[in-house]
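Read the structure below first, then the notes.
The values are calculated or read from the model by the stated rules, or taken from the named source; none is laboratory data. This one's a predicted model, so the numbers in the text were calculated from it and none came from an experiment. Cβ placement follows ideal geometry from the backbone for every residue including glycine, while neighbour counts extend to all protein chains displayed. Please note that ligands, DNA and RNA were not included when accessible areas were found on the heavy atoms of the full protein model with its side chains. Shrake-Rupley method; radii C 1.70, N 1.55, O 1.52, S 1.80 Å.
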Amino acid sequence: MAGASFSMPMDGLMRAVDAGISHAQRTQQLAEAIGEALVSSTHQRFEDQERPDGSKWEPSLRARNEGGVTLTDKGTLKKSIGYAASPAKVTIGTSMKYAAIHQRGGTIRGKKGKLKFPLPGGGFAQVDQVTIPERTYLGLSGEDVKEVREMMVQHMRQALLGG
């Protein structure tokens, strides 16, 4: 090239870019592994009928009367639990409309008067409102925290040792 010029070697830059991409991929993999572990733990809470702190849920009327499992009539809520992962965060949850009332508890009122629902053993009941107790299923248990810490330590070891 005639006149003045400047050359910039690309090999060092490309190594840095490759290292950054590799780090982002490893971090994404870690986030996905954490997501899978936390979904599994949440599913176990449905089986154990307990909150992340280990305390038991109040049994539902249906579960008491029919010998079933609380929050698991058809299993739709449990099956809907999933995760979204990025290198920056992991979110565990569900898009089911009724999920929040079970997580936090609360009172449901009919939009147009009385609520009508089937009774165990047949028949229907009509009421002005129904209070749903809190049955927290989303959250971190002590075991979840330990497992995530171990996963992160392993991730850091691999990054430091080039594994």
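Just for the range 97-120: of the residues that are closer than 24 Å to E66 by Cα and either in a loop (DSSP other than H, G, I, E, B) or of a type in the set (V, I, T) (or both), which one is least open to solvent (accessible area, probe 1.4 Å)? Residue satisfying both the conditions and the ranking: G105. Select from the range 70-96 the residues that are under 15 Å from Y137 (Cα atoms), charged (D, E, K, R) and open to solvent by 90 Å² or more (accessible area, probe 1.4 Å) and list them in ascending order. Within the range 70-96, K79 is the sole residue that qualifies. For the range 114-121, the count of residues that are free of Cβ contacts under 8 Å to residues at least 12 places away in the same chain and of a type in the set (A, V, I, L, M) is at least one. Would you call R45 of a type outside the set (F, W, Y), over 30 Å from Q158 (Cα atoms) and assigned to a helix (DSSP H, G or I)? Judged against the criteria, R45 is a match.
Specify the residue that is farthest from W57 (Cα to Cα); the eligible residues are those in the range 121-161 that are assigned to a loop (DSSP other than H, G, I, E, B) and polar (S, T, N, Q).
Within the range 121-161, the match that is farthest from W57 (Cα to Cα) is S141.
One line per residue, one yes/no per condition, for (1) modelled with pLDDT under 95; (2) out of contact with any strand residue (DSSP E or B) (no Cβ under 8 Å at 6 or more places or on another chain):
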| residue | (1), (2) |
| --- | --- |
| H23 | yes, yes |
| T27 | yes, yes |
| A31 | yes, no |
| T42 | no, no |
| S60 | yes, yes |
| E66 | yes, yes |
| D73 | yes, yes |
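If the condition is being of a type in the set (K, R) and more than 30 Å from the chain's Cα centre (by Cα), then the range 114-163 contributes K114, K116. Here L140 clears all of (1) open to solvent by less than 50 Å² (accessible area, probe 1.4 Å); (2) aliphatic (A, V, I, L, M); (3) within 21 Å of G54 (Cα to Cα) except the condition numbered (1). Applying the criterion of being in a helix (DSSP H, G or I) and touching a residue at least 24 places away in the same chain (Cβ under 8 Å) to the residues of the range 61-92, the residue that is nearest to T42 (Cα to Cα) is K78.
Report yes if F6 is over 19 Å from the mean Cα position of the chain (by Cα) and either part of a helix (DSSP H, G or I) or modelled with pLDDT under 75 (or both), otherwise no.
yes
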